[in-house]
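See below for the structure under consideration.
Coordinate-derived values only; no laboratory data. Computed from a prediction, not measured in an experiment: that's the story for all the values here. Cβ coordinates were reconstructed from backbone atoms using ideal geometry, including for glycine residues, and neighbour counts include every protein chain displayed.
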Amino acid sequence: MMGQGQIPVIILKEGTERSKGRDAQRNNIMAATIVADTIKSTLGPKGMDKMLVDSLGDILISNDGATLLDEIDVQHPAAKMIVQIAKAQDVETGDGTTSAVVVAGELLRLGGELLDKKIHASLIVEGYKAASQKAQELIDKYAKKLNPIEDEKLLLQIAGTALNSKAVHGAKELIEKIAVDSIKKVADEDNGNFKVDLDNIKILQKTGKNLVQSELVEGVIVDKEVVHTAMPKRVKDAKILLLNYNVEVQKGEWDREIRINDPLEMKSFLDNEEQIIRDMVDQIVATGATVVVAQKGIDDMAQYFMAKNDILALRRVKKSDMEKLARATGGKIVTHLKDAKAEDLGYAGMVEEVKIGDDDHVFVRECKSPKSVSIVLYGATKYVTDEAERATHDALCVVRNVVEDKTYLPGGGAIYTELSLRLEEFADEFKDKRQLAVKAFAEALLAIPTTLAENAGIDPLDILNELRSAHAEENVAQGLNLFKNGKIVDMFKAGIIEPHRVVSQAIKSASESSIMIMRIDDVIVSKSEKPAMPPGGMGGMGGMGGMPGMM
């Protein structure tokens, strides 16, 4: 019964779920921390792997945070925001995804404890923002500079640190070298600054052989075979014509009819077509080209004439591969044969057809200054090569970050410990409840060294005490060397270093997302009015066989 004059006000659709205030915050924080805890055990060189099996039975084995979170079908909206952190971190820096998520999870857990103490969310948010800003200033202060051209040893150490946590142990040094060499090859210099586009590095996986047989090809691998059997399979000192043009008689745009009344006319018609093709091939020969790579088609007759002239030809090559070839060989992509000149040709020391596994590929090697390169990764199974590709991608990203930014920091949890201690001191500048939020932020950063130790089977409390006392004496670079049973050593001397960009972005992403989740105090979930139809409509309507529970 309603009292007189009271009218029920229904704002939300029937079936809508709503959680408000502390319940909503608690629910969101719990969901986000569960996601962080899920991938926590993958952090660091002693981290474990996860196996994901999808609905089709396909298996993914990885310890790459971004890959795992991308593959897990997360439903909870707050948990999805944590997945977004990993994606943002991966796009921006290519590494540090697990670190970002672990810190975000810890910020939320500690923020939840402060909310339980009746501290208002807006005060916690203000404290977190101030701490995050201070952390960025400190990171900039502690960053060391390097010269990307001279300091190859440092670049190898940075790639090695990224690979420490990956399952490429046997071939780690080889992949470090491949990553550094390929970034140095494709980097574009402008007034002493470098820009690297990772699209210029092609990674090819092949099962068979061993990971240690992986190689860097200074040029491009095109997954096409030579178009004609009579053509040479390898050409030394190749002059390469890149052609975005059909080497065939142009067909009309409309249907047309040709009436031939005399058999001789038929012969002259065919001869004429042959002559057009001959002229085209003659134009190619005149440029001095010994290899032709066509983005479009090459007529059978043209293939025959090219073979007679000892030209190696490929057709229907992808646009992206054409662009890579142009960068690698220094050639220009020609859009019409009439415009082709000798100076448009690219150069490669060797172009050869190679069989890898079951497929034929054409390797364009030994380019003078290859601005595009290819990496071939071998492995016993697809799972091995997949994980090797993810590891190589992370190594390429961290080397790119350092080559572009020219700054790096100590790894092994050193920088997070230092930031934590300095932020604890910074908290004393606040005389209200924000001080507690800044202290919570400082404590959350210790999640990185703690998790690194836990994953290596070392007591984190002992390690934290040792780390704190080492950092109390201003030893910024003191961190965990997990290859020496968790000894506290100077990370710069141990060669465990990471890019400034990775740490900076990880803390930025973690603080922004945790702030966003903590500001939510009302979650309204709309339910669809009609239940979703099963695929293929109402199955089994004939005789009502598909509708259980009918009386």
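For region 220-369, taking the reciprocal of the average inverse distance between every pair of different Cα atoms yields a Kirkwood hydrodynamic radius of 16.1 Å. Take the Cα of Asn191, step 7 Å toward its Cβ, do the same at Glu389, and the gap between the two points is 3.9 nm. Computed about the Cα centre, the dipole magnitude for region 138-178 is approximately 140 debye when only Lys and Arg (+1) and Asp and Glu (-1) carry charge, each at its Cβ.
Out of the DSSP beta bridges found with both residues in region 220-369, what percent are antiparallel (nearest 5)? Antiparallel bridges: around 60 percent, rounded to the nearest 5. A cut-off of 5 Å between modelled amide H atoms, ignoring neighbours fewer than 5 places along the same chain, links Gln478 with Met491. Ordered by the number of other Cβ atoms lying within 10 Å of each residue's own Cβ, fewest first, Glu215, Glu106 fall into the sequence Glu215, Glu106.
Each residue of region 333-339 is assigned a 3J(HN,Hα), and the resulting list reads 7, 9, 9, 8, 4, 4, 8 Hz, derived from the Karplus form 6.51 cos²θ - 1.76 cosθ + 1.60 (θ = phi - 60°), x at Gly and Pro. Helices in the chain that qualify as membrane-span-like (whole DSSP H runs, Cα extent of at least 30 Å along the helix axis, mean Kyte-Doolittle hydropathy of -1.0 or higher) are 121-142, 263-287, 382-405.
In this rough spin-label picture, where each label sits 7 Å from Cα along the Cβ direction, the Glu113-Glu173 distance is 4.5 nm. A Förster distance of 45 Å, applied to the separation of the beta-carbon atoms of Met350 and Asp58, puts the FRET efficiency at 0.75. Please give the contour-minus-distance gain from Val212 to Asp140: 0.36 nm per residue of separation, less the Cα-Cα distance, rounded to one decimal in nm. 22.2 nm is the gain from fully extending Val212 to Asp140. The charge dipole of region 66-148, taken about its Cα centre with unit charges on the Cβ atoms of Lys, Arg (+1), Asp and Glu (-1) only, comes to about 420 debye.
Ordering Ile356, Val373, Gly288 by Cα displacement along the dipole of region 288-382 toward the positive end leaves Val373 in first place; charges were set at the Cβ atoms of Lys, Arg (+1) and Asp, Glu (-1). Taking label positions 7 Å along the Cα-Cβ direction at both Lys433 and Asp282, the computed distance is 9.0 nm, reported to one decimal.
From its DSSP helices (H runs of at least four residues, each -39,500 (n - 2.57)), the chain gives a residue-normalised ellipticity at 222 nm of -15000 deg cm²/dmol.
When each of Ile149, Ile463 is scored by the number of other beta-carbon atoms lying within 10 Å, the sequence from fewest to most is Ile149, Ile463.
Kindly list the residues of region 180-224 that lie in the label zone of Glu152, defined by a backbone N under 16 Å from the point 7 Å along the Cα-to-C-beta vector. It comes to 180-187, 216-218, nothing else.
Expected output is a single nm value to one decimal: the length gained when fully extending between Asp358 and Asn485, i.e. 0.36 nm times separation in residues minus the C-alpha distance. What is it? Let's see the in-between values first.
Numbers: separation 127, 0.36 × 127 = 45.72 nm, distance 4.47 nm.
Length gained between Asp358 and Asn485: 41.3 nm.
Stretching the chain fully between Glu512 and Ser526 yields a gain of 2.4 nm (0.36 nm per residue, less the alpha carbon separation). The dipole here belongs to the chain: it is taken about the Cα centre, uses +1 on the Cβ of Lys and Arg and -1 on the Cβ of Asp and Glu, and is about 720 debye.
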